[in-house]
Amino acid sequence: MNSRERVLCALSHREPDRIPLDLGSGHCCKFTKYFYVKLLDYFGIKDEQLEICSLPYQVVYASDRVLDLLKCDVRNPRLKPIKPPNPYSRKWEDDESYYARNEWGTLYRMPKQKALYFDLYDTVLKDSESVEEDRQFVWPVPETFAPGDRKELQDYHDAGYFTMITEVFGNGFLQTGPLVWRYENWLAMLLAEPERCIPFMEKLLEKKKEYYDNIFAVYGGLIDSTAEPDDFGTQRSTFVSPKLIREMMMPCHKKLNAHIKSKQHVKTMLHTCGSVHAIIPDIIDAGYDILNPVQIAATNMEPERLKKEFGGQITFWGGGINTQATLPNGTPQQVRDETKRLIDIFAPGGGFVFSTVHNVQDDVPIENFMAMWETFQDNCKY
Amino acid sequence: MSKIQEISAAIEAGKGKDVQDLIAAAIIEGAKPIDVLQGMIDAMGVVGEKFKAGEIYVPEMLIAARAMKKGLEVIRPHLVGESNAVIGKFIVGTVAGDLHDIGKNLVAMMVESQGFEVIDLGVDVKAEKFIEAIKANPDCRVLGISALLTTTMPAVKEMLNAFEAAGVRKQVKVMVGGAPITQGFVDSIGADGFAADAATAASKAKELNRSLN
């Protein structure tokens with residue numbers, strides 16, 4: 001059984017030869033740069049250049065050499081976008097910080113000292129109070145891709161890896177608005193001024209479709225899965241009511257899934273952090289095959305409950321170790337115990353791809369990461 | 001429905017303009033400003049309880065807090081000289097290295113809506129800045145620190161050590177919040193309070209404020 005067959009078997013809710021493993025590749029299953037340096041040190045690799053995959057999160061593309069050492073089944077290729085002209089995109093620095101403004105006009109800042117990420121700092125329409133003022137916003141144009149740029153994906157395909165595209169246009173239907181208006185404004189607008197939000201989400205849907213069309217035009221036939229992000233959960237509930245998610249965001253997700261699946265034979269993942277138990281039926285109904293990151297420490301996200309209620313209908317991709325507590329701050333023995341316990345819960349009957357709950361951050365001790373990996377290796381066979 | 005009840009209902013519904021108009025009308029009709037303020041604070045208390053109980057979500061709480069803020073703009077000038085109008089001061093900021101402010105902003109709004117004067121130091125706040133604010137506000141008894149990241153949690157402990165070294169630690173009760181923060185963490189670093197959400201933070205701030213009175 002090769003990696004693709006293994007993952008596809010798990011996604012069809014059957015038990016493969018072993019649990020598929022994704023570390024370092026899938027959406028939010030990646031490594032931050034300083035953690036990756038620890039991993040390179042651990043393996044004695046000295047000649048690798050770090051390649052940043054996502055600027056805000058400071059995660060890297062892990063090399064095939066590292067991913068093979070970790071026996072990972074998944075690969076995310078480096079797509080080569082052709083950037084259309086954009087009035088906002090810019091990078092600069094001052095004495096204290098680095099700044100980057102993206103094509104949505106969202107300004108990110110990373111202090112030069114003691115900082116690990118670029119965080120949202122400013123947005124274009126934060127002071128806008130009307131539809132008329134909103135019209136100042138210049139929509140980004142979905143990127144196209146270098147024609148014929150198929151070699152990397154073809155190689156992964158031929159080698160039998162499962163491939164996941166982790167590039168996305170903007171963020172999700174709930175989470176792109178904050179990049180333009182700021183969080184507080186967007187969340188208030190959803191209730192008080194839906195007439196400003198709905199056309200934005202509808203336009204986002206059309207642009208996302210165009211973006212996937214552009215990807216499939218170049219890489220079609222070589223992609224096994226796509227991943228859309230839309231963080232619906234906080235630590236204790238959904239950000240907005242399940243009713244609002246059902247009425248405003250899920251119809252867009254459903255239409256996007258239908259479009260993607262009408263164009264390519266792929267599996268689709270929704271990355272949605274936090275306590276999302278209340279809307280998992282809606283995520284399934286929207287056509288998603290995979291749920292990530294399965295934040296087991298959030299309210300109502302107990303692994304036994306998730307597996308029992310939804311294990312036959314959606315694949316849990318993540319949920320392998322709590323990255324908010326155990327992985328960075330536990331002892332190696334606590335990491336081993338939790339990894340084993342979660343495998344025992346999630347693995348039976350397939351529908352599980354082992355990964356950490358979110359990217360592995362810089363503060364994770366290498367001993368803990370390897371304790372998790374070794375426990376996985378000892379317990380991954382069906 | 002009395003005018004004050006109408007104001008409360010408008011706050012809960014997040015109707016900022018209505019809140020302002022109703023307050024102006026209530027004052028003209030002779031309502032005592034301090035009673036109006038208390039009605040507004042009680043309304044936000046209800047909003048907080050509903051949020052804690054999972055009956056409403058962040059946007060509902062947010063628009064109510066914004067309506068409260070609009071209302072405060074109108075009522076404050078009428079409260080000059082009222083000794084009960086402000087129950088205390090609350091200094092808040094995200095810990096050095098952490099720029100995530102959604103939670104901190106919600107906490108600031110909810111705490112303000114419970115009658116505090118909020119001194120919001122913003123994001124990525126260094127210990128010196130907190131210490132400066134504590135010294136400049138000797139009547140402030142409660143301080144909130146927010147950390148969203150596991151990687152910035154250690155900086156909260158360093159912050160407390162810096163308060164100790166500067167001799168201001170005993171002046172304020174320190175509460176800590178943010179996604180990865182737990183009661184266990186707060187206890188382990190010797191802080192005074194934990195709140196899992198903005199509504200609980202507002203109740204906690206009142207409780208800690210009372211404890212030092």
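Read-outs: derived from the displayed coordinates by stated rules, not from any lab. These numbers come from a predicted model, not from an experiment. Backbone-built Cβ (ideal geometry, glycine too); neighbour counts: all protein chains shown.
Results, tabulated for the structure shown:
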{"quantity": "Tilt relative to chain A, helix A:183-192 - C-alpha long axis, 0 to 90 degrees, to 10", "calculated": "70"}
{"quantity": "Kirkwood Rh, Cα atoms: Rg over Rh of region B:1-118", "calculated": "0.99"}
{"quantity": "By average C-beta atoms within 10 angstrom, highest first, the peptides A:57-69, A:162-174, A:139-151", "calculated": "A:162-174, A:57-69, A:139-151"}
{"quantity": "Antiparallel content of DSSP bridges confined to the protein assembly as shown, in %, to 5", "calculated": "35"}
{"quantity": "Inter-chain shielding of A:192-199 (mean C-beta neighbours from other protein chains, 10 Å cut-off)", "calculated": "1"}
{"quantity": "Coil-residue GluC sites (Glu not before Pro) of region B:1-63, DSSP, other Cβ within 10 Å capped at 10", "calculated": "B:29"}
{"quantity": "Compactness of the protein assembly as shown, expressed as Rg and Dmax over alpha-carbon positions, Å", "calculated": "25.0, 81"}
{"quantity": "Where GluC sites (Glu not before Pro) fall in DSSP loop in region A:1-67, at most 11 other Cβ within 10 Å", "calculated": "none"}
{"quantity": "Within-11-Å neighbourhood charge of residue B:113 [Cβ basis; K, R +1; D, E -1]", "calculated": "0"}
{"quantity": "Acute angle (nearest 10 degrees) that the helix A:33-42 long axis makes with the longest principal axis of chain A, alpha-carbon atoms", "calculated": "20"}
{"quantity": "Globularity ratio of chain B, using Cα Rg and 2.2 N^0.38 Å", "calculated": "1.04"}
{"quantity": "Mean shadow area of region A:96-181 over all directions, Cα convex hull, nm²", "calculated": "8.9"}
{"quantity": "Interchain or long-range residues, amide H under 5 Å from residue B:119's placed H", "calculated": "B:90, B:91, B:92"}
{"quantity": "Residue among B:14, B:45, B:167 with the largest mean-square fluctuation in a Gaussian network model of chain B, springs linking Cα atoms under 10 Å", "calculated": "B:167"}
{"quantity": "Shielding by partners - mean other protein chain Cβ count within 10 Å, residues of B:93-101", "calculated": "4"}
{"quantity": "Residues B:185, A:376, sorted so that the one with the fewest Cβ neighbours within 10 Å comes first", "calculated": "B:185, A:376"}
{"quantity": "Per-residue [θ]222 nm for chain A (sum of -39500 (n - 2.57) over DSSP H runs n ≥ 4, rounded to 500)", "calculated": "-11000 deg cm²/dmol"}
{"quantity": "Computed label-point distance, nm, for sites residue B:165 and residue A:89 using a 7 Å Cα→Cβ extension", "calculated": "4.4"}
{"quantity": "Region A:232-287: proportion of alpha-carbon pairs further apart than 19 angstrom, %", "calculated": "28"}
{"quantity": "Estimated vicinal HN-Hα couplings, Hz - region B:104-119 in sequence order (Karplus 6.51, -1.76, 1.60; Gly, Pro = x)", "calculated": "4, 5, 5, 4, 4, 5, 5, 5, 4, 6, 9, x, 8, 8, 9, 10"}
{"quantity": "Pairwise centroid distance, computed over Cα atoms, of region B:73-127 with region A:196-221, Å", "calculated": "41"}
{"quantity": "Estimated D of region B:88-211 in µm² per second, where Rh is the Kirkwood radius over Cα pairs and Stokes-Einstein applies at 25 °C, 0.890 mPa s", "calculated": "179"}
{"quantity": "Using alpha-carbon coordinates, inclination of helix B:3-12 to the longest axis of chain B, degrees", "calculated": "40"}
